[in-house]
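So the structure is just underneath, and the comments pick up after that.
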């Protein structure tokens with residue numbers, strides 16, 4: 001077996017060569033972990049195998065259609081053949097769309113037929129955030145009933161994942177920085193006078209109130225999800241780690257709790273294989289002081305527990321309270337290590353590009369998303385080739 005069968009980074013190469021020599025004489029089992037690099041021992045405790053279920057996915061952030069259409073119109077036209085062919089050109093067959101309010105089952109059946117005809121897979125739906133706005137009482141019960149009905153409709157058309165983003169205040173960005181090739185990176189830096197910012201439309205919401213709403217939702221929705229075989233995947237608030245009281249709200253992943261501890265708390269409320277995460281790696285890194293190192297334990301923890309139902313693969317430079325969103329192949333994260341964790345834990349859901357930089361030549365992000373699709377697919381192929 002040739003020494004260069006597997007291409008690893010320079011600092012792992014000699015350990016990998018020793019591994020191949022060991023394998024060539026039939027020494028396996030417990031000797032495997034010791035013969036590999038000590039850089040990621042948790043990942044190497046047992047022999048890795050090819051994971052053919054890993055796949056790149058496309059979501060509602062990029063829909064190729066008539067440029068004259070607004071956001072809502074684009075979401076209604078996501079099954080057009082032009083959009084499907086755009087994704088297929090970059091190896092994408094698994095799709096996530098965005099839906100608001102009470103879902104139209106007849107429309108959903110039509111979309112599913114469109115997917116089947118084009119040999120695409122409708123894997124997930126992003127629902128709106130309106131439940132989290134509702135205060136206890138009739139308004140909340142009505143929203144809960146709406147979500148329950150929507151879960152049943154998702155099951156009726158074979159969609160297995162619903163994602164949500166509990167945003168009491170809008171996603172926070174307050175600047176741009178210049179990026180490569182003349183592009184622009186969205187950025188955020190915590191304002192020195194953040195206490196003086198006006199409250200958002202939802203008013204003042206305390207930490208305990210926020211978690212009470214989350215708890216009520218999970219305790220009432222997850223049993224329905226278990227019945228209908230539909231997973232609920234929460235996206236972390238973006239950005240996590242904002243100080244409590246920012247624009248009147250104590251976010252559920254606000255400081256002083258770490259983003260990792262907040263995710264663990266969320267999962268523990270109803271410990272079910274149907275309660276998990278749309279794990280946005282960029283968002284989580286935005287809430288970390290040392291994201292390059294700290295992101296991998298988060299991925300490993302929830303992947304091993306089978307609680308990740310979609311990955312948003314976004315890269316950032318910086319971290320807690322000061323970051324910029326960059327291209328997928330630059331920034332803090334070493335995403336090939338993430339792919340290896342997903343490979344070794346049997347992850348079977350989409351890995352989607354998320355926010356991308358902007359450029360005047362690419363106002364809809366088609367170029368940037370195509371780059372990200374190919375990059376993710378290349379990492380999947382590379383990770384699987386290491387263990388073939």
**Q.** Extension gain from residue 215 to residue 228, taking 0.36 nm per residue of separation minus the Cα-Cα distance
**A.** 2.7 nm
Q) Pulled fully out, how much extra length does the chain show between residue 130 and residue 174, if you take 0.36 nm times their separation in residues and subtract their Cα-Cα distance? A) 13.4 nm
(Q) I want to check the label-to-label distance for residue 194 and residue 102. Put each point 7 Å from Cα in the C-beta direction and report it in nm to one decimal. (A) 4.0
Q | Efficiency of FRET from Cβ geometry, residue 66 and residue 305, R₀ 41 Å, rounded to 0.05 | A | 0.45
Q: Mind telling me which of 59, 208, 128 comes out most flexible in a GNM of the chain, alpha-carbon contacts under 10 Å?
A: 208
Q: Sort 49, 336 so the one with the fewest other Cβ atoms within 10 Å of its own Cβ comes first.
A: 49, 336
Q: Assuming R0 = 45 Å, can you tell me the calculated FRET efficiency for the pair residue 289 and residue 88, based on Cβ-Cβ distance, to the nearest 0.05?
A: 0.65
(Q) Using Cβ contacts closer than 10 Å as the measure, can you line up 126, 74 from fewest to most? (A) 74, 126
Q) Hey, how many Å between the Cα centroid of the range 271-327 and the Cα centroid of the range 358-388? A) 18
Q. Fewest to most neighbouring Cβ within 10 Å: what's the order for 206, 350?
A. 206, 350
Q.
Can you tell me how the range 159-315 classifies by the Cα gyration tensor, rounded, prolate or oblate, using a/c under 1.5 as the rounded cut?
A. oblate
Q.
Which of 353, 240, 192 ends up with the largest GNM mean-square fluctuation for the chain, with Cα atoms connected below 10 Å?
A. 192
**Q.** Whole-number percent relative contact order across the range 199-275, with pairs defined as alpha carbons under 8 Å at least 6 apart
**A.** 40
Q. So what's the angle, to the nearest 10 degrees on a 0 to 90 scale, between helix 13-24 and the longest Cα principal axis of the chain?
A. 70
(Q) What is the angle, in °, between the Cα long axis of helix 335-344 and the longest principal axis of the Cα atoms in the chain? Nearest 10 is fine, range 0 to 90. (A) 80
Q) Any idea what angle helix 259-269 forms with the longest principal axis of the chain, computed on alpha-carbon atoms, 0 to 90 degrees, nearest 10? A) 70
Q. Helix-derived [θ] at 222 nm for the chain: sum -39500 (n - 2.57) over DSSP H runs of at least 4, divide by residue count, nearest 500?
A. -12000 deg cm²/dmol
Q. Where is the GNM fluctuation largest for the chain (alpha-carbon springs, 10 angstrom cutoff): 236, 178, 297?
A. 178
Q: Pairs of Cα atoms under 8 Å, at least six residues apart: use those to get the relative contact order of the range 127-201, whole percent.
A: 25
Q. Kirkwood hydrodynamic radius of the range 262-372 from all distinct Cα pairs, in Å?
A. 14.6
Q) Is the shape of the range 162-226 rounded, prolate or oblate, going by the alpha carbon gyration tensor and its root eigenvalues a ≥ b ≥ c, with a/c under 1.5 for rounded and a/b larger than b/c for prolate? A) oblate
Q: Starting from the Cα gyration tensor of the range 249-299, take the square roots of the eigenvalues, sort them a ≥ b ≥ c, and report rounded, prolate or oblate (rounded when a/c is under 1.5, otherwise prolate if a/b is larger than b/c, else oblate).
A: oblate
**Q.** Inter-part distance where the range 198-215 and the range 69-83 are each reduced to a Cα centre, Å
**A.** 33
Q. How high is the relative contact order of the chain, in percent, counting Cα pairs under 8 Å that sit 6 or more residues apart?
A. 18
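Bear in mind that the values in this text are calculations on the coordinates, not laboratory data. As the structure is a prediction and not an experimental result, all values here were calculated from the model. Here Cβ is always computed from backbone atoms with ideal geometry, including for glycine, and neighbour counts include all displayed protein chains.
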